[in-house]
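Undergrad: Once you've had a glance at the structure underneath, I'll fire off some questions.
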Amino acid sequence: MRALPSSLHDDVASQLRNYIFDGQLRPGSFIDEVTLCELWSISRTPLREALKVLTAEGLVRHEPRRGCFVNEVTEQDLDDIFPVIAMLEGRCAFDATQRATPADVQALEVWHQRLKQHAEAGRINDYYEANFAIHEAIIQLANNKWLAQTIADLRKILKLARLQQLHAPGRLKQSLKEHLAVFDALKAGNAAGADAAMRDHLLKQREALRELASTQRSVLTA
């Protein structure tokens, strides 16, 4: 059976997400429906359906009689989100440990070697890519579509914040150490240990972001 093509409003929603994540629509900015419809040669209907999708995802907010705006992520939002995503990804690590085959462990070994090489060379962008691949692999191994979907939704909000926690002093080295702790527990078949290590990894990210924000504020007020 052939897969059905995506609807127009799905395509528009994807394009709008890209505009937001790429910074073409900044947090707090007004979404000009007329301009976007002209730019993309579409009617208002698919754009408005797309805006409903992004509103449900938390990327956009609708204000009566004013229109739609790109959401802004506050420090309180980050404080609220990180413990939740830490709990969810911790559960993924727990389940992945119980499900992982020797071939799965070998594949993760390769990714962790790359992660280590990027950290040692200070290649932050490459490290981010390997880091994402490892998290995705663990989520896939957990094989729980509801966990995966909830994590994906929360990641969209975190992506909206354009976070750069690896730029915090010493964070790259610390992040690698945390990843290796998760992997060591997974290799040892210690599901509870992998859960705890993954939670610690995500919560340490929040701490690094708080430290980075504090440093930036100090520089601006100096």
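The values are calculated or read from the model by the stated rules, or taken from the named source; none is laboratory data. Not measured: the values here are computed from a predicted model. With ideal geometry, Cβ positions are generated from the backbone for all residues, glycine too; neighbour counts draw on all protein chains shown. We work out accessible area using only protein heavy atoms, side chains counted, and drop any ligands, DNA or RNA first. Shrake-Rupley method; radii C 1.70, N 1.55, O 1.52, S 1.80 Å.
Undergrad: Just to compare against my own numbers: the Cα pair-distance distribution for segment 156-202, 10 Å bins, whole % per bin, please.
TA: Taking every Cα pair in segment 156-202, the percentages come to 27, 38, 30, 5.
Undergrad: Which trypsin sites (Lys or Arg not before Pro) in segment 125-213 sit in a loop by DSSP (not H, G, I, E or B) and have at most 13 other Cβ atoms within 10 Å of their own Cβ?
TA: Arg162
Undergrad: Loop-only trypsin sites (Lys or Arg not before Pro) in segment 63-142, please: DSSP not H, G, I, E or B, and at most 15 other Cβ atoms within 10 Å.
TA: Arg65, Arg66, Arg123
Undergrad: For segment 16-143, count all C-alpha to C-alpha pairs, find those more than 22 Å apart, and express that count as a whole percent of the total.
TA: 57
Undergrad: Nearest 20 debye, what's the magnitude of the dipole of segment 42-135 about its Cα centre given +1 on Lys and Arg Cβ and -1 on Asp and Glu Cβ?
TA: Using only the charged Cβ atoms, the result is roughly 500 debye.
Undergrad: Could you tell me the calculated FRET efficiency between Thr215 and Asp22, based on Cβ-Cβ distance and R0 = 30 angstrom, to the nearest 0.05?
TA: For Thr215 and Asp22, the calculated efficiency is 0.70.
Undergrad: On to the next question. Considering all projection directions equally, how large on average is the shadow of the alpha-carbon convex hull of segment 1-73, in square nanometres?
TA: Orientation-averaged projected area of the Cα hull: 5.6 nm².
Undergrad: What whole-number value in Å² describes the accessible area per residue of segment 40-137 for a 1.4 Å probe?
TA: Ligands and nucleic acids excluded, the figure is 54 Å² per residue.
Undergrad: At a 1.4 Å probe, what is the % contribution of carbon and sulfur to the accessible area of the chain?
TA: 53
Undergrad: Suppose every K and R has +1 on its Cβ and every D and E has -1 on its Cβ; what is the size of the dipole of the chain about the Cα centre, in Debye to the nearest 20?
TA: The calculated dipole for the chain is roughly 80 debye.
Undergrad: Another question, then. Please give the direction-averaged projected area of the C-alpha convex hull for the chain, in square nanometres with one decimal.
TA: 15.5
Undergrad: Ser29's amide H: which non-local residues (gap 5+, or another chain) put their own amide H closer than 5 Å, with H modeled 1.01 Å from N in plane and none for Pro or chain starts?
TA: Val70
Undergrad: Please report, in Å, the Rg and the Dmax of segment 109-222, where both are computed over Cα atoms only.
TA: Computed over the Cα atoms of segment 109-222, radius of gyration and Dmax are 15.0, 50 Å.
Undergrad: Still on this structure, I have one more. Express in % the proportion of alpha carbon pairs of segment 53-94 at distances exceeding 16 Å.
TA: 54
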